[in-house]
């Protein structure tokens with residue numbers, strides 16, 4: 001059934017999964033969500049640019065702390081080799097930071113885009129979905145930042161004892177950004193599993209039955225997506241993901257129990 005526009009709004013109104021948007025309405029909804037997301041990212045970029053020096057100092061801290069701990073001479077400073085590298089680095093940091101700042105808005109817009117396809121009882125998970133997604137992404141980013149020092153130490157050690165570390169700023173920031181992104185996105189894994197259980201695509205029994213294969217896959221994925229490739233970061237990523245897998249099963253069992261109790265009460 002096509003849902004007409006009301007009140008002059010250009011937003012399609014879909015109240016149940018049986019209602020369907022037309023292609024034009026669906027594209028209009030997608031355009032609105034994208035515009036709002038881009039505006040949120042731009043706002044975040046402006047904030048990062050305003051505090052660029054403080055942010056760069058924060059990102060460089062694992063490297064400077066490692067140099068101080070190892071007592072390496074002429075270490076801790078970042079270099080740039082081309083006249084445009086300083087600008088490109090500033091833009092990279094601002095973009096990474098802008099996306100992180102805009103993350104609550106991005107998650108909300110994603111959820112609002114998905115909502116029309118869900119039943120009313122599934123729409124109530126909007127706030128937990130957004131909050132847990134943001135929290136887990138930030139937690140993943142913090143763990144990535146925490147493991148950056150050991151990761152750099154591991155990577156530098158492969159160059160040999162007579163080689164002096166002197167990092168290029170753009171490549172260092174690229175590594176930090178990829179580490180935070182990899183950990184943050186990987187930490188969304190339990191949100192996806194819980195969501196798929198709530199909508200009935202998976203069951204906790206299915207996940208529990210395949211836990212051995214899941215753990216092997218988790219460690220393989222952690223080894224592949226860890227940008228630094230060091231064992232410290234891989235274990236710091238695979239360990240929490242394994243724990244999250246088990247927690248998602250417990251959440252699924254709890255939700256399943258509540259659903260059965262509600263259905264029994266309605267009979």
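The values are calculated or read from the model by the stated rules, or taken from the named source; none is laboratory data. Predicted model, so just to flag it, every value in this text is computed and none were measured. For neighbour counting, all protein chains shown are included, and Cβ atoms are generated from backbone atoms with ideal geometry for every residue, glycine included.
Worth pointing out:
- Which numbered condition residue 206 fails, given (1) over 19 Å from the mean Cα position of the chain (by Cα); (2) buried (at least 16 other Cβ atoms within 10 Å of the Cβ); (3) assigned to a helix (DSSP H, G or I): (2)
- Considering each residue of the range 115-129 in turn, none proves to be part of a loop (DSSP other than H, G, I, E, B), free of Cβ contacts under 8 Å to residues at least 40 places away in the same chain and in contact with a helix residue (DSSP H, G or I) (Cβ under 7 Å, 6 or more places away or on another chain).
- Residue that is assigned to a helix (DSSP H, G or I), loosely packed, with under 15 Cβ neighbours inside 10 Å and more than 16 Å from the chain's Cα centre (by Cα), where the choices are 220, 201: 220
Per-residue answers, yes or no, for (1) in contact with a strand residue (DSSP E or B) (Cβ under 8 Å, 6 or more places away or on another chain); (2) surrounded by 12 or more Cβ atoms within 10 Å (Cβ to Cβ); (3) at pLDDT 90 or above:
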| site | (1), (2), (3) |
| --- | --- |
| 22 | yes, no, no |
| 28 | no, yes, no |
| 34 | no, yes, yes |
| 57 | no, no, yes |
| 72 | no, yes, no |
| 80 | yes, yes, no |
| 106 | no, yes, yes |
| 110 | no, yes, no |
| 114 | no, yes, no |
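- Of all residues making up the range 64-104, the number that are in a helix (DSSP H, G or I), in contact (Cβ under 8 Å) with a residue 60 or more places away in the chain and closer than 13 Å to residue 171 by Cα: 6
- Index of the failed condition, residue 242 passing every other in (1) surrounded by 13 or more Cβ atoms within 10 Å (Cβ to Cβ); (2) within 20 Å of residue 155 (Cα to Cα); (3) free of Cβ contacts under 8 Å to residues at least 40 places away in the same chain: (2)
- From 201, 169, residue being more than 15 Å from residue 129 (Cβ to Cβ) and touching a strand residue (DSSP E or B) at 6+ places or on another chain (Cβ under 9 Å): 169
- Residue check for residue 228: surrounded by 14 or more Cβ atoms within 10 Å (Cβ to Cβ), in contact with a helix residue (DSSP H, G or I) (Cβ under 9 Å, 6 or more places away or on another chain), at negative phi and not in a helix (DSSP H, G or I): yes
- Residue 160 being farther than 30 Å from residue 26 by Cα, touching a helix residue (DSSP H, G or I) at 6+ places or on another chain (Cβ under 8 Å) and either in a loop (DSSP other than H, G, I, E, B) or in contact (Cβ under 8 Å) with a residue 12 or more places away in the chain (or both): no
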